[in-house]
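Data first, discussion second: the structure below is written as structure tokens.
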Amino acid sequence: MSDSNIFRNLNEQQVAACKIVEGPLLILAGAGSGKTRTITYRIAYLISHGISPENILAVTFTNKAAEEMKERIYKIVGPVANKITMGTFHSTCSRILRKHAELIGYTKNFVIYDEKDTLNVIRKIIKEMDLPLESFAPKKIRRIISKYKREFIKPEMVAGGYNPNTLKIATVYSRYVKFLFRNNAMDFDDLIGKTVELMRKCPEIKEYYNEKFQFILVDEYQDTNRMQFELIKLLGDKYKNVCVVGDDDQSIYSFRGADIENILSFDKIFANTKIIKLEENYRSTKNILEAASNVIKNNVERKGKTLYTDWKEGEKIELIDGYSSMEEANLVMERIKSLVAKGTKAGDVAILYRINALSRVFEVAAQKYRIPYVVVGGTRFFERAEVKDILAYLKTIVNPRDNVSLMRVINTPPRGIGKKSMELLELEAAMKGVSLLKMLANLENIDMPSRAKEAFRNFYGIYGDIKKESEGKGVKEIMEIVLNKTAYIDKMYNTTSPEDMSKMENIDELLNSAEEFDSLTETPTLEEYLNQISLFTDIDAWKGKSDRINMMTVHGAKGLEFDTVFIVGAVDGLFPHINNIDSDSKIEEERRLFYVAMTRAKERLYISYSHVRDFRGSIMPSIVSRFVKEIPEKLMKEEKKLHVRTLNEFPTENVSNELAIHPVFGKIRILKIVGKGDGKRAYIALENGEKKWVLVKYAKLKFLEE
DNA sequence: ACTATGGATCTTTTT
DNA sequence: GATCCATAGT
């Protein structure tokens, strides 16, 4: 294949980016500038110029993106595409670590703890240390620990500083690290951090991977963190053939440690970096692109670039405003109905929101209007209790040292093992320095009530049976063995309650996923299954275009595009989110997020908001997002010019009277007031007889603000 | 030991 | 509104 033939679909800059084979390369690719196409062709170009696909590493943001890219390269170069190493940072690192786990004191079958697992560990440690939960909120501590890890700060390196709690947190951190190690477990940060550690510690391993991955490509580079950059530096140390692709305007993961500095300083770390800008947008109409550009230009912290398009002007942006979020959702659905009637395919429509909680009201509306929909993300499938239960059984089989999983299943379904007995077992295990499972094998030597002992023996018997019967079986079969031996479904759920029915459906879905794994994987081991699903996201599972409208968060929509996009809940406090309005840099990230949302749209963009919104079971007034006001009015549909209601359009009577006016419900009667402080609630009766609970704090706030 | 109930707290986004 | 947790009752 000649070069001109390969590149007939690319513009000048894109071709240039493909042809720079050697040395560090930074591609600044604006939204919709054909970034994926460019890197796909670049890899194809490398291969057609004699570079062995085994020597190429491509790191993407999601597993799905990796799969898609592989498919696209396959179409150009054929089956050799399968020899390229492609995956997310986490999956790539996990693969490397499984090969060399012993070198850092782990075994190959280490487990990966998810958010909830790690939170349980931290909660346990905090309790053991007798620390007050108010100042040591587990979630907060985990955030801090994660940050330390990302910055390679070991527990012993944490400096006391002015905060007396810092040293205590360092102790929690230290215990946490040891706990995971003893359990042969890693968290998400460890996957990257330990790989870096491995490379630093073992020069021969580093040398091996430097030779193996002579050509490295990193997609969505703007969302990498320091630790990931460190890894890239190590991997690309010998040949410096590192190509990174990113857009500073689309950096939306700073909460996960993404550091825009990685883009800004790339050419300082890698000498002689070539830089290419892709500024022609092939996705959106002129109107949409201009609107998005006008929003993002309000950011100060950006490299600055101008996107342009040859596309048609297209339709104007339409605003939709409802009084309540329910009305907003209904209006959106009405709009979708009429679009579909005019020929738009439901699968080409996306509803994007800032937070998952918003999906609910739109789901209800979609049902009401009989519009088929799919919600991507939200409560993740593999984190549901019933799914985690089954998986925990599998984890204890693979990794007998995993105490977190063992504790989850030891009394699930209930078999008479209570808190007291558990404490006794843990104490014995800790004293002897062995895992809980080892302790179960040596029950005879422990002094405990015979009833408890019998219950433990019972569990250990079941565990042994499962383990024995599982040998050589496929994952689905093993799951069925677990379900049978434990009588899990019969004991936990009944067929009359709708909640239990949905749980059983989830278990069915889990069995299906295992079956799919068994049939699609060359060597379907339990280890590999657990590894895959622990790094799996709902976006990965999303099958893409179907005949249903798509609902997801803006974060989830990153990298995707749709003919028609509805940005919903465009209200100050939600988008930008209330937690991020107190500093300029946080607002700028929210604005980038809004920009990402806008630039997902190809043909039609709708933005909806409401004048009142639900908040924690209560209701408060809301005003349209400041970002919407940054869109020039000339780009909006005439009849729907921005109607901004201010807070003082709402009645502001004092709620503490026995007969009071509520800003939303109008005339109300207060029936009773309960709770104190922030949690203080009033039970009110509306004029139509309906009764509701509201948070007094917000009722009050509304009055104070005006 | 297990289950039902009420209270406190909270969600931002995710590999 | 939902979920997680502690407590009281069985």
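Only the coordinates and a few stated rules stand behind these numbers; no lab work does. The model shown is predicted, which means the values in this text are computed figures rather than measured ones. Cβ coordinates were reconstructed from backbone atoms using ideal geometry, including for glycine residues, and neighbour counts include every protein chain displayed.
Structure notes:
- Under the convention that each Lys and Arg Cβ holds +1 and each Asp and Glu Cβ holds -1, the size of the dipole of chain A around its Cα centre is about 940 debye.
- Once the Cα gyration tensor of the range A:257-345 is diagonalised, semi-axes √(5λ) in Å: 38, 18, 12
- Counting every other Cβ atom within 10 Å of each residue's Cβ, A:379, A:171 order from fewest to most as A:379, A:171.
- Taking the Cα centre of the range A:357-462 as origin and assigning +1 to Lys and Arg Cβ atoms and -1 to Asp and Glu Cβ atoms, the resulting dipole is close to 360 debye.
- Put simply, the convex hull of the Cα atoms in the range A:577-619 casts, on average, a shadow of 4.1 nm².
- For the residue pairs A:368/A:395; A:70/A:637; A:178/A:467, alpha carbon separations beyond 30 Å are given by A:368/A:395; A:70/A:637.
- Normalising the average separation of contacting C-alpha pairs (under 8 angstrom, six or more residues apart) by the number of residues puts the relative contact order of chain A at 15 percent.
- Shape analysis of the range A:9-159 based on the Cα gyration tensor places the equivalent ellipsoid semi-axes at 42, 19, 14 Å, largest first.
- Table column - 3J(HN,Hα) (Hz), the range A:91-103, Karplus curve with 6.51, -1.76, 1.60, x for Gly and Pro: 5, 4, 5, 4, 5, 5, 5, 5, 6, 10, 3, 4, 5
- For chain A, the convex hull drawn through the C-alpha positions has a volume of 198 cubic angstrom per residue.
- What the phi angles of the range A:496-513 give under the Karplus curve with 6.51, -1.76 and 1.60, with θ = phi - 60°, is a coupling list of 8, 7, x, 5, 5, 4, 5, 5, 5, 4, 4, 5, 4, 5, 4, 4, 4, 4 Hz, glycine and proline written as x.
- Among the trypsin sites (Lys or Arg not before Pro) within the range A:565-618, those in coil by DSSP and having at most 14 neighbouring Cβ atoms inside 10 Å are A:616.
- For the range A:111-158 and the range A:1-79, distance of Cα centres in Å: 40 Å
- Each of A:90, A:577 was scored by other Cβ atoms within 10 Å of its Cβ. Listed from fewest to most, they are A:577, A:90.
- Cα centroid of the range A:351-397 to Cα centroid of the range A:278-309, whole Å: 33 Å
- Whole-angstrom gap from the range A:468-504 to the range A:517-536, using each part's C-alpha centre: 19 Å
- Check: the range A:165-294 dipole with +1 on Lys, Arg Cβ and -1 on Asp, Glu Cβ, in debye: 660 debye
- Relative packing of A:178-188, A:43-53, which averages over residues the other C-beta atoms within 10 Å, highest first: A:178-188, A:43-53
- Distance violations [Cα-Cα > 28 Å] among A:297/A:345; A:75/A:268; A:147/A:545; A:201/A:303; A:35/A:212: A:297/A:345; A:75/A:268; A:147/A:545; A:201/A:303
- Once the convex hull of all Cα atoms in the range A:158-197 is built, its volume per residue stands at 77 Å³.
- Ordered by the number of other Cβ atoms lying within 10 Å of each residue's own Cβ, fewest first, A:301, A:12 fall into the sequence A:12, A:301.
- Farthest toward positive dipole pole in chain A [+1 Lys/Arg, -1 Asp/Glu at C-beta], among A:478, A:539, A:144: A:144
- Here the Karplus curve 6.51 cos²θ - 1.76 cosθ + 1.60, taken at θ = phi - 60°, turns the phi angles of the range A:262-269 into couplings of 4, 6, 5, 10, 4, 6, 7, 6 Hz, with x standing for Gly and Pro.
- With N the number of residues in the range A:150-294, Rg(Cα) / (2.2 N^0.38 Å) evaluates to 1.33.
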